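Values quoted throughout were computed directly from the atomic coordinates according to the rules given, and no laboratory measurement underlies them. Quick caveat, the model's predicted, so the values are computed rather than measured. Cβ atoms come from the backbone with ideal geometry, glycine included; neighbour counts cover every protein chain shown.
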Amino acid sequence: MKGKPNLLQGLFGQPDDLPAELKNWIERELGQPVRIFAFCDLSEQFRFHQGFLVATDDHLIIADATGQNGHFRFVPRTFPLKDIEQLELIEGLTLHRLNVVGRDDLGLLAAVFFTRRQRRAIGNLMFVVNQRCKRLRENHVDDHEFDTMDDPTRAYVDSIVQAIREAKGLTLLQDRSIFRRLLRYLKPHKKSVIVGFTFSILLTLLGLLPPYITRLWIDDVLAPAETGALTNPSFWGWLIIGVLVFIWGTTQLLEFFRLRIMSIVGEKISTRLRDELYQHLQRLSLSFYNQRSSGNIISRLISDTDRLWDFVTFGIIEFVISVITIIGVATALFFQDATLAMFVVLPLPVMGYMFYRFSQRIHGMYLRIWRKWSAMTSLLSDVISGIRVVRAFAQETFEVRRFHKRNVDVRTAAFDFHRFWTAFYPRVTLLMHLSRFIVWAYGAPRVLQHILSGGQEGMPLGVFIAFNSYMWMFWGPVQNIGNMTRTFNRATSSASRVFEILDTAPAIVSKRHAPKLDPLQGHIVFDNVTFSYDGVRNVLKGVSFEVFPGEMIGLVGPSGSGKTTIINLICRFYDVSDGAIYIDGHDIRDIDLGVYRKQIGIVLQEPYLFRGTIAENIAYGNHGATLHEIVEAARAANAHEFICGLPDAYDSMVGERGIMLSGGERQRISIARAILHKPRLLILDEATSSVDTETEKKIQEALQRLVSGRTTFAIAHRLSTLSHASRLLVMEDGRLVEQGTHAELLEKEDGVYAKLHRIQAELQSMIAV
Amino acid sequence: MPKSLQIYRNKTGHLATKIPNDHDGLKEIELFVAKCFPWSQPDGFISLRDKKGREIAFVERLDEFGDEQTRRLIEEELQERLFLPRIEKIDALDDQIDLFRWKVKTDAGARIFYTRRREIPRELSKGGVIIKDIAGDRYYIPEPENLDSRSRELLWMYLD
């Protein structure tokens, strides 16, 4: 986070780092570096305040601030880790509490308080300290255990900022450099942009001409013609008409080219942005997706890129044009009559401010209507989906009343909205008329004077009329500039969301020249593997096992025991936190990932079918498969028969808005997909848990064909499903507690597996009764 | 049971009580307090649970507990668990396109927090609104209509 030294200070008014004096004090007094720290934003009296919780190798330090107005002094209290039994987190609604529990009879040593905002940082600290305390207790100290830890300041800042990053996108770039980076996308289209820009400027200048020509027509043709001073009035008349026609024609032509060129550039830019984003998204590891909702990512890809194209191609140019127009018109006016020009130009800032306020306020109105509207639509979709329940409980009247209330809310908000904008425009027009009144009040007598004096003094009629035309040319640009802050804000916000993704480095990449395991033998070793998704809680703790080619391994254990994590690690969706995984004797981090993954087949509990035909779905991952192979795979998956029974057979559309398939049918299609894939390593994640017994039998048959001869990992809740497994690994709380064949494990009377088996058997017999 | 229940704070700072164990003795269990209706019925409906979430006692009214210290400790504990800063004044509410940035004064001091644009504040049936920020921290405006006019002016698009 070096790019923004005061990130947290700016965002939350919270320090970005340990105060230097406190850090120095700790390092001087305790002679140890700070390993990890967190901020405590609540006092014992439950008031917002400043406090730090710091851990070194052997000490825990609590430092509360005393003093005020930014002049804090930190009073540290030090606790040796060897006196601490554990740190204990107690969650509340907003307030959280961390108890420092002493060993033996020491009881509660201290407690600190903080809000949810600090939770992640405190959680990290708690985890680290608890591990350390445990090791100290067991006299099992590893002096280097902290050596792999992140930089404490970075870890702390990251943990606080993550919530904002998810919602808003936080690049390290300042607003101005975001803007510059955006402009870089225009570079490949330099020529078009320059042409578009020149045309825009030309257009603006051309737009200034007609009023001036009108003036020439009145003052230099009409007036002299009347007095007979002009010898050839009709020639001059036609010339002026000709020039006007030429200007109008050119204007339309330029406008046509400008719009066309810039729209094309815009489309090209947004296509490029979308492509870049999508390519990058495909490279990012799953941990990135875990931190963000898919809706969030999709909206960055679609609406943010769209906003950006609009801004880059039209927003910027419109802004420039507006500025040029205002300057141009103002200059034209000042040249003709400085005093009158003053009268017209002075109200412009007021007008700009009015438009600015209006745009702020109208967006507030939109938000309000949106809120009401979404309350109504969510009720609607809720009730329509649950209509059977409504009927069953005879709640029709209640629902009608509830809907009516929200409907009325929408109307009220809409009324406010209409009342607001209908009142606004007349007010602006009134201001415009006021300007016009001033021009008339000031100009008309002078025009008269000019005529009466025979052109000696006062204002020529042409100037007056030109003035009137020019005046109207102000309002559009002024309105544009008033709206501009919002447009700029929206664009930088979108850009920072887009760039944030582009700037995220994939956590998992293959090394260059990594060995390609082809064909994969399927020999897998877990060597003391520890893993944590969040860097805090270990979901696997020192798991070791070895699997030989062709074995079928059943993974058993309660939910949350780490079964799926093992599979995620085998696929290398994540990298281990500690220990290592060896595939055919190579560290999984050293092998070519693409070649490896191509040889893995996965059947998930909730099979995902993409939009497309059944045939396309079976061939996903093997795009070159022949129809013959597809049918063979479907046959092996026990899917051929039901597929042929569908009206469109293999050409039936599935996925969103496709035909409805049952869970078992979709499962068999996904098995066919895996069979066609001819994986060397097969993973079955609860493949049969959501289907009835009859279907399960069919799926089991299909799976048997699939499993034979391949290294297989299968997770199942129903232990009976795993009866064919060569070995079972029993997981509990992140540890591998038992392994062996079904029969071996049953022999252990107190064993976890034997217990699980008994419970399931009892359940089965209960259902049978 | 609630009538005779005696609670104390143990050495590690937890609420605890003693219940008979299997061998005619007493064993200490630590208690955790939960309100069943924190928003719709803040007084009463209190559940006391052990570490594993099993209910040890349940009352609809706090005075069902006969012991005064017990009542006091429970109230104290609830106050901590349900700590909820009340917003007294809004200094700024900036629309940052995807987020709102709030700069407020609460009864617990000044605070800056962020809400998602699409996060709709929760209106309580007893009045007032709960605002949840992006970290999940909650803030309470008991009577939005009685805030000072500047605060209300800032709130208008967010609430009504």
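What the table below lists for this structure:
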read-out	value
Distance from the stretch A:664-722 to the stretch A:290-360 (C-alpha centre basis), Å	60
Dipole of the stretch B:2-81 [Lys/Arg +1, Asp/Glu -1 at C-beta], most positive-end residue of B:LEU31, B:PRO42, B:GLY66	B:LEU31
Karplus (6.51, -1.76, 1.60) ³J(HN,Hα), θ = phi - 60°, over the stretch A:587-595, in Hz, Gly and Pro reported as x	4, 4, 7, 9, 8, 6, 5, x, 5
Value at 222 nm in deg cm²/dmol, rounded to 500, when DSSP H runs of n ≥ 4 in the protein assembly as shown each add -39,500 (n - 2.57)	-16000 deg cm²/dmol
Mean-position separation - Cα centroids, the stretch B:13-87 and the stretch A:183-249, in angstrom	84
Electrostatic dipole magnitude of the stretch A:583-651 [Cβ: Lys, Arg +1; Asp, Glu -1; Cα centre; debye, to 20]	80
Value of Rg to Rh for the stretch A:7-168 (Rh from inverse mean 1/r over Cα pairs, i.e. Kirkwood)	0.95
Members of A:LYS563/B:LYS11; A:LYS511/B:LYS132; B:LYS52/B:LYS132 lying beyond 32 Å, as alpha-carbon distances in this model show	A:LYS563/B:LYS11; A:LYS511/B:LYS132
Spatially proximal lysines relative to B:LYS126 (Cα-Cα < 17 Å; intrachain offsets below 8 disregarded)	B:LYS35
Cα-based helix-to-principal-axis angle, A:627-636 vs chain A, degrees rounded to 10	40
Average other protein chain Cβ within 10 Å of Cβ, residues B:126-139	4
Number of partner chain Cβ atoms within 10 Å, mean per residue of A:590-603	0
Dipole magnitude of the stretch B:2-81, debye to nearest 20 (Cβ charges: Lys/Arg +1, Asp/Glu -1, about Cα centre)	240
Charge context of B:LEU62, other residues only, Cβ under 14 angstrom, K/R +1, D/E -1	-4
Surrounding net charge for A:TYR650, when Lys and Arg each add one and Asp and Glu each subtract one, Cβ distance under 14 Å	-4
Helix A:347-385 axis, angle to chain A major axis (alpha carbon atoms, nearest 10°)	40
Relative contact order (percent, whole number), chain A, Cα cutoff 8 Å, 6+ residue spacing	10
Options B:MET157, A:PHE257, A:ASN538, ranked by Cα towards positive dipole end of the protein assembly as shown, top entry (Cβ charges)	A:PHE257
Under the Karplus curve 6.51 cos²θ - 1.76 cosθ + 1.60, θ = phi - 60°, whole-Hz ³J(HN,Hα) for the stretch A:497-509, x wherever Gly or Pro sits	5, 5, 5, 4, 5, 4, 8, 6, 7, x, 6, 10, 9
Relative compactness, the protein assembly as shown, computed as alpha-carbon Rg over 2.2 N^0.38 Å	1.24
Quarter of Cα convex hull surface for the stretch B:2-81, i.e. mean projection, nm²	5.4
Ordering of A:575-584, A:423-432, A:24-33 by packing [mean C-beta count within 10 Å, highest first]	A:575-584, A:24-33, A:423-432
Peptide ranges A:152-160, A:389-397, A:452-460 listed from the most packed, as the mean C-beta count within 10 angstrom indicates	A:152-160, A:452-460, A:389-397
Using alpha-carbon coordinates, inclination of helix B:68-81 to the longest axis of chain B, degrees	40
Highest average packing first - A:612-620, A:745-753, Cβ atoms within 10 Å	A:612-620, A:745-753
Relative contact order (%) - the stretch A:555-632, alpha-carbon pairs under 8 angstrom, separation at least six	13
Listed residue (A:VAL439, A:ASN483, A:THR721) projecting farthest to the positive dipole end of chain A, Cβ model	A:VAL439
Prolate/oblate/rounded label for the stretch A:181-287 (Cα gyration tensor, a/c 1.5)	prolate
Amide H partners (placed H, <5 Å) of A:ALA111, local residues excluded	A:VAL100
Net dipole in debye of chain A [+1 Lys, Arg Cβ; -1 Asp, Glu Cβ; about Cα centre; nearest 20]	2400
Inter-chain Cβ neighbour average for residues B:107-116, partner chain, 10 Å	5
Net charge of neighbours whose Cβ lies under 14 Å from the Cβ of A:GLY386, counting Lys and Arg as +1 and Asp and Glu as -1	0
